[in-house]
Amino acid sequence: MPEATRPDTAAAIAAGIDEAEIAGLACDLIAAASENPGGTEAHAVRVLAAACAERGLDVKTTDVAPGRPNLVARLPGGDSAGLAFLGHSDVVPAGPGWTRDPFGPEISGGRLYGRGSTDMKGGLASIVVAMGAIKNAGIELPGPIDLICTVDEEDADLGVRAYVEGVLAAPDGPPSYAACIVAEPTDLETVIACRGACNLVIDIGGVAAHAGRPQDGANAIDAAAKVIGLIRDDHERMTAAASGLLGSGTWNVGRIDGGHGTSIVADSCTIHVDRRLMPGESADGVRDRLADAIRQAGIDTGGITVTVDVEMEMPGFSTPPDHHLVTSAVAALADGAGITSEIGGWTAACDGGFIARDLGVPTIVLGPGGLNDQAHQPDESVAVDELVSAARAYTLLGCGTYFP
């Protein structure tokens, strides 16, 4: 393995990170509105691709769907395993409640405002500027650095699924990464464990009848209430046993539709459910356990049918706290930005689970901005100095200074 960059050299590169450069690129990305649902990522990806090319990175885009391109930007290196940065180009819809133009970025009081400033165009800008600084320094890297930017993270994860499928099917096999850093907003906390998520759709069939003689039918809404009772009981069981950084899996019944009228016994009902997954859990396993519980409870009898389908899955992941990726991230934040980074877990879900599960790459989440107080909210913003701190830490990590 080629020798990693000297710490003093890496520190000098990180210290040269320019605040105006990061803020300018983040503003350009925010102005390239890419709301999802909507499939409008192409403009933002063009801005990102141009910024990467200007900094001498090798850029490749691949359409996942018409007008929805994934991007991979590479800073070449030696033959050792590389470092992957992971992000996404889409943002949630601006929605109501803004006091400023969500796609007219502005800086005020040291904060950058605009949809995606925190989640996660600010993080993308920090990555690109860090990679550009390393490129400009002309140092020899042990392995390549890749920025993987996917579409559709905020909806159905089409982008990361297509990326993983593509690299697994590649003639030379998937790229070799020693580590993956997801630049989602963590307030620069080093997140080593992340819950996954799945959406289940439970379709219940019954038998219609006149409400005056309900015994002639089979009420799908009554059956749905029993299913929801099973879900509630399982939620309470899991949360009572919660432990560690991630606590436990959770259930949430988010939507229910059923019946045709007050005087008709409901012959159908559909329940839409969110289930947060612990690392190692799968959506198929959750579905099968719920379906088995429904059968054991005898709910699917007497004219009632129940089917449980997986609509979406994002896997969770966990990286040991003593892994060199974790200790390196903590050291890079301390040395590059003077930040003492806590090690924590994330109750949200992100695309990093696919990289960890399907490619077997150790993964953390580490990025500027706040998930709980800024992401997906009106007047979303990020502190500009957090963007700079993130870029400096990414620079030190990219130079390989701390890696064995």
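Taking the conditions (1) at pLDDT 95 or above; (2) within 27 Å of residue 332 (Cβ to Cβ); (3) acidic (Asp, Glu) in turn, residue 101 satisfies each one other than (2). Residues that are in contact with a Pro (Cβ under 9 Å, 6 or more places away or on another chain) and at negative phi within the stretch 386-404 comprise 386, 387, 388, 389, 390, 391, 396, 399, 401, 402, 403, listed in sequence order. Residue pairs whose Cβ atoms lie under 8 Å apart, sitting 6 or more positions apart in sequence or on different chains, and linking a residue in the stretch 108-120 that is assigned by TED's automatic domain parsing to the domain that holds residue 147 to a partner that is of a type in the set (Phe, Trp, Tyr) and outside any strand (DSSP E or B), are 114/103; 115/103. Of all the residues in the stretch 84-105, those that are more than 14 Å from the chain's Cα centre (by Cα) and in a loop (DSSP other than H, G, I, E, B) number 13. Looking only at residues of the stretch 232-251 that are crowded, with 16+ Cβ neighbours inside 10 Å and in contact (Cβ under 8 Å) with a residue 24 or more places away in the chain, we find that the one that is farthest from residue 262 (Cα to Cα) is 245.
Scan the stretch 264-277 residue by residue and report those that are of a type outside the set (Ser, Thr, Tyr) and surrounded by fewer than 20 Cβ atoms within 10 Å (Cβ to Cβ). Let's see the steps before the verdict.
To start, the set of residues in the stretch 264-277 that are of a type outside the set (Ser, Thr, Tyr) comprises 264-267, 269, 271-277.
Scanning the stretch 264-277 gives 264, 272, 274.
Does the stretch 291-309 hold any residues that are surrounded by 13 or more Cβ atoms within 10 Å (Cβ to Cβ) and over 23 Å from residue 259 (Cα atoms), and which are they? Scanning the stretch 291-309 gives a single hit, 293. Could you please let me know if residue 150 is closer than 17 Å to residue 27 by Cα, under 23 Å from the mean Cα position of the chain (by Cα) and touching a residue at least 60 places away in the same chain (Cβ under 8 Å)? In short, no. For the stretch 167-183, the count of residues that are at pLDDT 95 or above, surrounded by 14 or more Cβ atoms within 10 Å (Cβ to Cβ), over 30 Å from residue 334 (Cα atoms) and in contact with a strand residue (DSSP E or B) (Cβ under 8 Å, 6 or more places away or on another chain) is zero.
Just the residues that are of a type in the set (D, E, K, R), crowded, with 24+ Cβ neighbours inside 10 Å and assigned to a helix (DSSP H, G or I), please, taken from the stretch 108-140. It would help to see each step written out before you state the result.
Taking the stretch 108-140 first, the residues of a type in the set (D, E, K, R) are 111, 115, 119, 121, 135, 140.
Imposing the further condition that a residue be crowded, with 24+ Cβ neighbours inside 10 Å reduces the set to 115, 119, 121.
Result: 119, 121.
Starting from residues that are of a type in the set (A, V, I, L, M) and surrounded by fewer than 24 Cβ atoms within 10 Å (Cβ to Cβ), keep the ones in the stretch 370-404 and report whichever is nearest to residue 5 (Cα to Cα). Selected residue: 388. Tell me yes or no: at least one residue of the stretch 246-258 is β-branched (Val, Ile, Thr) and more than 17 Å from residue 196 (Cβ to Cβ). Checked against the condition, which is being β-branched (Val, Ile, Thr) and more than 17 Å from residue 196 (Cβ to Cβ), the stretch 246-258 yields at least one hit.
Just one of the numbered conditions (1) surrounded by 15 or more Cβ atoms within 10 Å (Cβ to Cβ); (2) not assigned by TED's automatic domain parsing to the domain that holds residue 152 is not true of residue 367: (2). The set of residues from the stretch 326-353 being under 24 Å from the mean Cα position of the chain (by Cα), over 23 Å from residue 91 (Cα atoms) and among the charged types (D, E, K, R) comprises just one member, 342.
The values are calculated or read from the model by the stated rules, or taken from the named source; none is laboratory data. Predicted, not measured: the structure shown is a model, and the values here were computed from it. Cβ atoms come from the backbone with ideal geometry, glycine included; neighbour counts cover every protein chain shown.
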